[in-house]
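Notes follow once the structure below has been shown.
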Amino acid sequence: KNQVEQSPQSLIILEGKNCTLQCNYTVSPFSNLRWYKQDTGRGPVSLTIMTFSENTKSNGRYTATLDADTKQSSLHITASQLSDSASYICVVSAIGGGADGLTFGKGTHLIIQP
Amino acid sequence: EPEVTQTPSHQVTQMGQEVILRCVPISNHLYFYWYRQILGQKVEFLVSFYNNEISEKSEIFDDQFSVERPDGSNFTLKIRSTKLEDSAMYFCASSEDPPADTQYFGPGTRLTVL
């Protein structure tokens with residue numbers, strides 16, 4: 001069964017610090033991996049989308065990495081800001097899986113403290 | 001920047017009542033989706049819609065649910081006879097290309113069934 005596991009479940013860091021969120025998946029055959037940011041009570045917003053051949057992709061202070069061999073991804077946030085407080089969701093897509101082939105992780109709840 | 005909109009933002013209903021959740025996808029998008037997120041749990045796929053018909057649906061999307069694109073802009077989710085366990089955030093999403101492309105999510109409708 002396709003699964004996406006994220007860690008840690010929650011994380012609290014001080015404003016200005018860096019952090020890294022992890023995503024491990026067992027989705028096969030792999031198509032792409034996406035990171036979404038979800039503010040409380042809002043819909044997810046796409047941060048990055050990575051295919052098999054991409055190892056790293058940046059979007060401002062967010063940098064995602066992908067190791068397709070070990071089936072791991074990370075999202076690194078640099079110089080965190082209060083507005084980064086949100087849930088970060090890893091979503092993995094299977095080839096030919098369509099919308100039902102998207103497997104969502106439970107997310108990492110990140111809190112940035114001043 | 002174009003965005004997906006949803007109405008209402010919050011809907012409270014009695015068990016057994018019918019509800020209709022409304023969405024206006026991004027205008028040039030061709031694929032539309034509904035997801036739900038029970039409080040504290042991960043996002044779950046319900047249904048995808050393309051070319052005026054359902055293209056995929058999950059096990060959650062049983063006979064109680066239906067979707068419709070009544071005109072050129074709206075996309076609706078109807079729950080025929082709500083149950084307590086239908087209480088959740090319901091997100092509409094749209095994409096320009098098939099699900100492998102980035103999906104843009106709306107802000108969600110919080111459905112509370114009493």
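The values are calculated or read from the model by the stated rules, or taken from the named source; none is laboratory data. As the structure is a computational prediction, the values presented were derived from the model and not from experiment. Glycine also receives a Cβ, built like all others from the backbone with ideal geometry; neighbour counts cover every protein chain displayed. Heavy atoms of the whole protein, side chains included, go into the accessibility calculation; ligands, DNA and RNA do not. Shrake-Rupley method; radii C 1.70, N 1.55, O 1.52, S 1.80 Å.
On the beta carbon distance between A:K17 and B:K78, with R0 = 30 Å, the FRET formula returns roughly 0.05.
Determine the shape class of the protein assembly as shown: with a ≥ b ≥ c the square roots of the Cα gyration tensor eigenvalues, call it rounded for a/c under 1.5, and otherwise prolate if a/b is greater than b/c, oblate otherwise. Since a/c reaches 1.5 and a/b is larger than b/c, the shape of the protein assembly as shown is classed as prolate.
Sorting the segments A:32-45, A:3-16 by their mean number of nearby beta carbons within 10 angstrom, highest to lowest, gives A:32-45, A:3-16. When A:S28, B:S94 are compared by accessible surface with a 1.4 Å probe, the order from highest to lowest is A:S28, B:S94.
The order of B:E68, B:E56 by accessible area, most exposed first and with a 1.4 Å probe, is B:E68, B:E56. Can you pick out the pairs among A:K37/A:K106; A:K71/A:K106; A:K1/A:K57; A:K57/B:K57; A:K37/B:K78; A:K71/B:K57 whose Cα atoms lie more than 21 Å from each other? Flagged as over cut-off: A:K1/A:K57; A:K57/B:K57; A:K37/B:K78; A:K71/B:K57. Here each label is just a point 7 Å from Cα along the line to Cβ, and for B:E53 and A:S58 those points are 4.7 nm apart. With a ≥ b ≥ c the root eigenvalues of the C-alpha gyration tensor of the range A:63-109, is it rounded (a/c under 1.5), prolate (a/b larger than b/c) or oblate? Here the range A:63-109 falls in the oblate category. Cys residues of chain A that find no other Cys beta carbon under 4.7 Å: A:C19. Under 1.5 on a/c is rounded, so check that first for the range B:25-66, then, if it is not, pick prolate when a/b is larger than b/c and oblate when it is not; a ≥ b ≥ c are the square roots of the alpha carbon gyration tensor eigenvalues. Because a/c hits 1.5 or more and a/b fails to exceed b/c, the range B:25-66 counts as oblate.
Take each peptide in B:84-90, B:71-77, count the other Cβ atoms within 10 Å of every residue, and average; sorted highest first, the result is B:84-90, B:71-77.
Working from label points 7 Å from Cα in the Cα-to-Cβ sense, the A:T51 to A:S7 distance is 3.1 nm. Peptide B:45-55 shows a mean partner chain C-beta count of 2 within 10 Å per residue C-beta.
Peptide packing: for A:78-90, A:101-113, the average count of neighbouring Cβ atoms within 10 Å per residue gives the ranking A:101-113, A:78-90, highest mean first. Across peptide B:35-42, the average count of Cβ atoms from other chains found within 10 Å of a residue's Cβ is 3. For the range B:54-61, putting each phi into the Karplus relation 6.51 cos²θ - 1.76 cosθ + 1.60 with θ = phi - 60° gives couplings of 5, 9, 8, 8, 9, 5, 5, 7 Hz, in residue order, rounded to whole numbers and with x for Gly and Pro. Could you work out how far the C-alpha centroid of the range B:48-114 sits from that of the range A:17-88, in angstrom? One Cα centre to the other: 25 Å.
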